[in-house]
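Note sheet for the following structure.
The values are calculated or read from the model by the stated rules, or taken from the named source; none is laboratory data. It should be emphasised that the depicted structure is a prediction, and the values quoted were computed from it without experimental measurement. Glycine gets a Cβ as well: all are built from the backbone with ideal geometry, and neighbour counts include every protein chain shown. Remember, those area values only see protein heavy atoms, side chains included, never the ligands or the DNA or RNA. Shrake-Rupley method; radii C 1.70, N 1.55, O 1.52, S 1.80 Å.
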Amino acid sequence: QGIDERAEILTTLVRNHPERLSFFQKDPALRSKTTPVIEVAGGSAPLLEKLRSRGFILGAGYGENKEKHIRIANFPSHTTEEMSLLVQALEESLAP
């Protein structure tokens, strides 16, 4: 259980929601496992607000991508259980 496992949990989330989510870095070999950047179709602000109301604080994008991206920390101090709870909250927040 570690960074690779949690990165795979996030990859599965993105794969399960291709209409709403995609990785900013398309090449998996170049994608950061510790701070993946996910593009949110239609903008990230509503999703970030839903997550914030549930106690999850995620980073936004930078510059011209500030309103399109979310950044998710995947550091050694995080647990797989915490990542699973975040992914569950993301799943529920993506629901119409």
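Scanning the range 67-76 for residues that are open to solvent by 90 Å² or more (accessible area, probe 1.4 Å) and either farther than 20 Å from THR34 by Cβ or touching a Leu at 6+ places or on another chain (Cβ under 8 Å) (or both) gives a single hit, GLU67. A Cβ distance below 8 Å, combined with a sequence gap of six or more or placement on separate chains, defines the contacts here; from the range 58-82, residues that are hydroxyl-bearing (Ser, Thr, Tyr) reach residues that are open to solvent by 70 Å² or more (accessible area, probe 1.4 Å) in the pairs THR79/GLN1; THR80/GLN1; THR80/GLU5. Within the range 1-31, the only residue that satisfies the criterion of being modelled with pLDDT under 95 and of a type in the set (S, T, N, Q) is GLN1. Looking across the range 43-56, just one residue is farther than 22 Å from THR80 by Cα and either open to solvent by 90 Å² or more (accessible area, probe 1.4 Å) or in contact (Cβ under 8 Å) with a residue 40 or more places away in the chain (or both), and that is GLU49. Taken over the range 12-31, the residue count meeting the criterion of being open to solvent by less than 40 Å² (accessible area, probe 1.4 Å) and over 18 Å from GLY61 (Cα atoms) is 2.
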